[in-house]
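Below is one structure, written out as structure tokens, with a few remarks after it.
The values are calculated or read from the model by the stated rules, or taken from the named source; none is laboratory data. All values derive from a computational prediction rather than experimental measurement. Cβ placement follows ideal geometry from the backbone for every residue including glycine, while neighbour counts extend to all protein chains displayed. Surface accessibility is based on the protein's heavy atoms, side chains included, excluding ligands, DNA and RNA. Shrake-Rupley method; radii C 1.70, N 1.55, O 1.52, S 1.80 Å.
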Amino acid sequence: MNGIPILSIMLAVPAAAAILCLFLDARGARWLALIATLVDLLLGIGLWANFDIGGPQWQFVEHAQLPVFGRFGWALGIDGFALMLIMLSVFLMPICIGASWESIQKRVPEYMAAFLVTEMLMIGTFAAQDLFLFYVFFEAGLIPMYLIIGIWGGANRIYASYKFFLYTLLGSVLMLIAMLWMAQQAGTTDIPTLLNHDFPVEAQTWLWLAFFASFAVKMPMWPVHTWLPDAHVQAPTAGSVILAGVLLKLGGYGFLRFSVPMFPEASASLTWLILGLSAVAVIYTSLVALVQTDMKKLIAYSSVAHMAIVTIGLFAFNRQGIEGAMIVMLSHGLVSGALFLCVGVIYDRLHTREISRYGGLGINMPRYAVLFLLFTMASVGLPGTSGFVGEFLSLAGTYQVSTTATLLCTTGIILGAAYMLYLYRRIAFGEIVHDDVRAMPDLSLREIALLAPIAAVVLWMGVYPESFLAPMRGDATTLVARVARAQPPGDSLPTPGRANLVKPIAPLAHAEAH
């Protein structure tokens, strides 16, 4: 693909399709949106197939200066981290279009256009190599999701959409001010250059806090997470899938791309804050999830707990933690998206998300029960599924920094098993009490076609995670080397009398890194 501006093409396809959708009827808009998202998926597969593992850090780079805007330029390029998140985006988007095929009947062309614009902005965020280009893509992603919740959402959609918009916009003003100062101080807006620029230590803390204000809300981290359950409950099914699947990952990507490598000293000195907030988030939101009566709210609170596992891994300052955080992001994107699709399937039949209204679905919907069980187990972190790999690596990395934080966050796995299995038991097992539940048909071919690919990738990632880790390994090694000078001392000690077993590992790890 040398010489082909594939990233620009991947942005242009959904952008052009979104404009065309506005001039078509409902049926035409649905088919055009599906075709456009499938084209981007094929381009994404080509991107992954042609990605040179072990090659240069930045690949498929495109540059075009825009002199009108001074330093601002059209600069795209990806590394292994961006590649995996772009693949997650283009994989989920056709599934979202398929999930909206029958359930959305109001203003269909505008709805499809909003999703296509969302896809363009997500890919742009991960591919941007200019500081202000990243900011434009990062913040513009709010607008179509705000419209999707506000127009096609539930009864309380206006409140939820305003809350979503105001929460996520507030922190971004501080980030913009920090970006302006960084561009002035470093003399460039090129992200690869800024990644190797050493900002003054006394300024790093203020810059870190400014970026943290934006990324923490996007994750979302406790205590600025309260917009997420409202947004999920009111959003249409496909809106919840893309919100949990990709938009929450923008915060994690921001920490990975900016906070940790650009401000390593500040990151090290404030690691205690991240670990503390993450530990509270895991325990608190898991306990809140246990008492939910609405299926979507339960899964939304579980998302906050899973994102806390991401943040502790990112701030572990070692390869296991960083790779684990990325795998958790990918796994959570797939699993939470699938769980929201599963909720949408039965909501379309009974038009309620109240857990107490269901029961015994394993009797008359066996195919649904099997797939729902797989995604429930992946959410819990069962070995052999994607959830296990990410959580194990992330917690193993965090253990080298803080045994206390690791102990607290590991309770999230136990509590996660409690609320997810409790949810599954109440929905799938027991006797069918209500006649309308007895009349619910099993999965249609369209619904199987939406859930089966996600199930296959969840198992693929759990059984053979190397195919997902390999493109990111070089970038994780580069990032660890960048922050090594600021790495906080860990509190983990070798087992008494076993210190000699630790010594041979260091040369081996060094050899693997090279």
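A few points about this structure:
- Pairs with Cβ under 7 Å, 6+ apart, first in region 184-196 and without any contact (Cβ under 8 Å) to a residue 40 or more places away in the chain, second outside any helix (DSSP H, G or I): Gln185/Phe199; Ala186/His197
- The set of residues in region 115-132 that are open to solvent by less than 10 Å² (accessible area, probe 1.4 Å) and assigned to a helix (DSSP H, G or I) comprises Phe115, Leu116, Thr118, Glu119, Met122, Ile123, Gly124, Thr125, Phe126, Ala127, Leu131.
- Close pairs (8 angstrom Cβ cut-off, 6 or more residues apart or separate chains): within 20 Å of Ala75 (Cβ to Cβ) in region 37-59, in a loop (DSSP other than H, G, I, E, B) and not hydrophobic (A, V, I, L, M, F, W, C) anywhere: Gln57/Asp79; Trp58/Asp79; Trp58/Gln129; Gln59/Asp52; Gln59/Asp79
- Meets criteria (closer than 21 Å to Arg319 by Cα, modelled with pLDDT under 90 and of a type in the set (Asp, Glu)) for Glu391: yes
- Among residues of region 133-150 being open to solvent by 40 Å² or more (accessible area, probe 1.4 Å) and within 22 Å of Arg107 (Cα to Cα), the one that is farthest from the chain's Cα centre (by Cα) is Leu147.
Yes/no matrix, rows are residues, columns are (1) within 21 Å of the chain's Cα centre (by Cα); (2) not aliphatic (A, V, I, L, M):
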residue: Phe375; (1), (2): yes, yes
residue: Glu391; (1), (2): yes, yes
residue: Thr404; (1), (2): no, yes
residue: Tyr422; (1), (2): no, yes
residue: Ile432; (1), (2): no, no
residue: Asp435; (1), (2): no, yes
residue: Arg438; (1), (2): no, yes
residue: Ser444; (1), (2): no, yes
residue: Ala456; (1), (2): yes, no
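- Within region 222-266, being among the hydrophobic types (A, V, I, L, M, F, W, C) and farther than 30 Å from Leu451 by Cβ holds for Trp222, Val224, Phe255, Phe258, Val260, Met262, Phe263, Ala266.
- Elements of type helices (runs of 4 or more DSSP H) in region 204-286, at least 3 residues being modelled with pLDDT of 90 or more: none
- Residue check for Gly55: touching a helix residue (DSSP H, G or I) at 6+ places or on another chain (Cβ under 9 Å), more than 28 Å from Leu469 (Cα to Cα) and either open to solvent by 70 Å² or more (accessible area, probe 1.4 Å) or at pLDDT below 80 (or both): no
- Search result, residues across region 338-366 that are more than 29 Å from the chain's Cα centre (by Cα) and open to solvent by less than 10 Å² (accessible area, probe 1.4 Å): Gly359, Gly360, Leu361, Met365
- Only one of the listed residues (Ala369, Ala289, Ala316) is in a helix (DSSP H, G or I) and surrounded by 24 or more Cβ atoms within 10 Å (Cβ to Cβ). That residue is Ala289.
- Helices (runs of 4 or more DSSP H) contained entirely in region 399-514, each with at least 1 residues that are surrounded by 11 or more Cβ atoms within 10 Å (Cβ to Cβ) and at pLDDT below 85: 403-428, 435-438, 466-483, 505-513
- Residue ID - most open to solvent (accessible area, probe 1.4 Å), chosen from residues in region 152-177 that are under 24 Å from the mean Cα position of the chain (by Cα) and of a type in the set (A, V, I, L, M): Leu170
- Residue match in region 393-410 (condition: under 23 Å from Leu298 (Cα atoms) and among the aromatic types (Phe, Trp, Tyr)): no
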